[in-house]
Amino acid sequence: MPSLNMGSSYPLTKDEIDARVAKNRIGNYAYGYLNNQGVFIVKYIGRSDTDLHERIMHGIQEFIDDPKLKYERFKFSYATSKEEAYNKECKNYHDFGGLEGHLNNHIHPDAPEGTNLKCPFCEGNN
């Protein structure tokens with residue numbers, strides 16, 4: 001079973017994000033919900049190359065606008081560089097099915113601005 005390699009999940013609320021996620025940090029996140037067995041079900045994979053706190057906040061409004069997205073909880077982890085965050089986002093995206101899976105991501109993760117990074121998990125990029 002794939003793992004996000006992130007900590008616990010938290011309710012997707014402003015108070016929880018403020019309490020848990022530092023501002024101006026690079027990192028990765030996932031939105032989802034807990035199933036009946038208490039397992040976190042991933043619905044969206046993302047990252048921020050500048051401010052993870054600010055980026056995670058976007059999920060609150062997305063869920064309000066479309067409750068079918070099931071963005072009830074979030075997980076996150078910090079990264080030490082844009083490259084590390086990008087590689088983890090790509091891994092999580094592929095591990096959880098990408099466009100063929102149950103993710104709400106509509107496109108493959110983009111490389112960080114100003115880089116020539118290629119997804120290490122796409123065929124032909126190794």
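When ligands, DNA and RNA are left out and all protein chains stay put, how many square angstrom of accessible area per residue does region 34-100 have with a 1.4 Å probe? Before the final figure, lay out each step's value.
Numbers: 3530 Å² over 67 residues.
For region 34-100, the solvent-accessible area averages 53 Å² per residue.
Which value in nm describes the separation of the simple spin-label points at Ile64 and Glu100, placed 7 Å from the Cα toward the beta carbon?
3.8 nm
Spelling out what I want: for every residue of region 21-29, take phi, set θ = phi - 60°, compute 6.51 cos²θ - 1.76 cosθ + 1.60 (Karplus), and round to whole Hz; glycine and proline get x.
3J(HN,Hα) across region 21-29, in whole Hz: 10, 5, 7, 6, 10, 7, x, 10, 8.
Could you check how much of the accessible area of region 2-44 is carbon and sulfur, as a whole percent, using a 1.4 Å probe? Write out the running numbers ahead of the final one.
Values: 970 of 2280 Å².
Looking at region 2-44 in its full context, I get 42 percent from C and S.
Straight-line reach only, C-alpha to C-alpha below 13 angstrom: list the aspartates and glutamates that Lys23 could link to, leaving out same-chain residues fewer than 8 apart.
Correct list for Lys23: Asp49, Asp51, Glu54.
Mind pulling the angle between the C-alpha long axis of helix 82-95 and the longest principal axis of the chain? Nearest 10 degrees, somewhere in 0 to 90.
So the helix axis and the longest Cα principal axis differ by about 70 degrees.
Counting Lys +1, Arg +1, Asp -1, Glu -1, what net charge surrounds Leu69 among other residues with beta carbon under 11 Å of its beta carbon?
Values: positive: Lys43, Lys68, Lys70; negative: Glu62, Asp65, Asp66, Glu72.
Within the 11 Å Cβ shell, the charges total -1.
For the cross-link pairs Lys43/Lys68; Lys14/Lys82; Lys91/Lys118; Lys43/Lys118; Lys43/Lys70, which exceed 18 Å when the distance is taken from alpha carbon to alpha carbon? Walk me through the intermediate numbers first.
Details: Lys43/Lys68 10 Å; Lys14/Lys82 25 Å; Lys91/Lys118 12 Å; Lys43/Lys118 23 Å; Lys43/Lys70 7 Å.
Exceeds cut-off: Lys14/Lys82; Lys43/Lys118.
Quote to one decimal, in nm, the extra length available between Ile107 and Ile41 on full extension: 0.36 nm per residue of separation minus the C-alpha distance between them. It would help to have the intermediate numbers written out before the result.
Details: separation 66, 0.36 × 66 = 23.76 nm, distance 1.93 nm.
My answer for the length gained is 21.8 nm.
Report in % the part of the accessible area of region 65-126 that belongs to carbon and sulfur, leaving out ligands and nucleic acids; probe 1.4 Å. Provide the component values of the computation, followed by the final result.
Numbers: 1850 of 3910 Å².
Answer for region 65-126: carbon and sulfur cover 47 percent of the accessible area.
For the chain, the longest stretch holding no GluC sites (Glu not before Pro) located in a DSSP loop with at most 16 other Cβ atoms within 10 Å is which? Please list the in-between numbers first.
Working: sites that count: Glu113, Glu123.
Looking at the chain, 1-112 is the longest stretch - no exposed GluC sites (Glu not before Pro) with at most 16 other Cβ atoms within 10 Å.
Counting Lys and Arg as +1 and Asp and Glu as -1, each charge on the Cβ, what is the dipole of the chain about the Cα centre in debye, to the nearest 20?
Numbers: 15 positive and 18 negative charges, 59 e Å.
Here the size comes out at about 280 debye.
The values are calculated or read from the model by the stated rules, or taken from the named source; none is laboratory data. Just so we're clear, the structure is a prediction, and the values are computed from it rather than from any experiment. All Cβ positions, even for glycine, are placed from backbone atoms using ideal geometry, and neighbour counts span all protein chains on display. Side chains included, ligands, DNA and RNA excluded: accessible areas come from the protein's heavy atoms. Shrake-Rupley method; radii C 1.70, N 1.55, O 1.52, S 1.80 Å.
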